[in-house]
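The values are calculated or read from the model by the stated rules, or taken from the named source; none is laboratory data. Every value quoted in this text rests on a predicted model; they were computed, and no experiment measured them. Every residue, glycine among them, receives a Cβ derived from its backbone with ideal geometry; neighbour counts consider all protein chains shown. These accessible areas exclude ligands, DNA and RNA; they are computed on the full protein's heavy atoms, side chains included. Shrake-Rupley method; radii C 1.70, N 1.55, O 1.52, S 1.80 Å.
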Amino acid sequence: VGEQVLLRCSFKSSSPITESLLVDWTYRPLTGGQMEPIFHYQSIPHPATSGRFKDRISWAGNVANGDASIAIQSPVPSDNGTFICSVKNPPDV
């Protein structure tokens, strides 16, 4: 609680990394419910502009090294849940 947390996501692709590479992070609370998009990356980071993580997520990855990690600032117990990282590098998924 209160300290930055790093959510790691690593990937491998058989295709060269290009500007078409997409990273999407989604979140679902422990209590269930809808998946909520919280972060998008395509050439540049696009943090969520609304929702519980607004202004608290930063890009911590380096796609050239197969890293799509993010950091969450000032986490609280209610942030607990399932975080899913999805990477697409066309034509590789």
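Tabulated results
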read-out	value
Around Tyr27: net Lys/Arg minus Asp/Glu count, Cβ-Cβ under 14 Å	+1
Linear extension gain, Thr31 paired with Lys88, 0.36 nm per residue minus alpha-carbon span	17.7 nm
Surface per residue (accessible, 1.4 Å probe) for the stretch 4-88, Å²	59
Rh by Kirkwood over Cα pairs, then Stokes-Einstein D for the chain at 0.692 mPa s and 37 °C, µm²/s	240
Exposure ranking of Val63, Val23, Val5 by accessible area [1.4 Å probe, largest first]	Val5, Val63, Val23
Cut-off of 10 Å, at most 13 other beta carbons, DSSP loop: longest stretch of the chain lacking such trypsin sites (Lys or Arg not before Pro)	13-53
